[in-house]
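Read the figures in this text as sums done on the coordinates, not as results from a lab. All values derive from a computational prediction rather than experimental measurement. Positions of Cβ are backbone-derived with ideal geometry, glycine not excepted, and every protein chain shown enters the neighbour counts.
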Amino acid sequence: MEPTVVTSADEVARTSPFIPGLAYGHLWWILSGPPFRGGPLEGAFTASGAYGQFMTVIPRWDVVVAHKTLAPSARNVPADVYFNRILPQAIALIRP
């Protein structure tokens with residue numbers, strides 16, 4: 001079951017900017033707006049935790065990407081680093 005969008009990506013961008021293109025629904029960030037629309041991650045969803053821990057579910061590929069850090073850590077991973085560098089690298093390994 002995929003999460004339902006409760007707050008659209010446009011509304012998130014307007015009221016509480018996080019990562020462009022992320023909507024929100026029931027404890028999950030949903031990759032639904034630009035730059036994800038029409039791409040391989042459209043419809044994927046992510047949970048974000050403390051100290052840069054993330055779990056991304058990509059239903060169309062039947063894949064889960066888990067990013068774990070030691071907590072607390074001096075190597076905290078900000079969300080923009082995860083979405084712009086780490087997740088694309090993981091996806092390149094899955095679907096070159």
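Some values worked out for this structure:
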read-out: Tabulated pairs, the stretch 43-57, first in contact (Cβ under 8 Å) with a residue 12 or more places away in the chain and farther than 21 Å from residue 72 by Cα, second surrounded by fewer than 20 Cβ atoms within 10 Å (Cβ to Cβ) and charged (D, E, K, R), C-beta under 6 angstrom, 6+ apart or interchain; value: none
read-out: Complete set of residues in the stretch 1-30 that are farther than 19 Å from residue 80 by Cβ and of a type in the set (Val, Ile, Thr); value: 4, 5, 6, 7
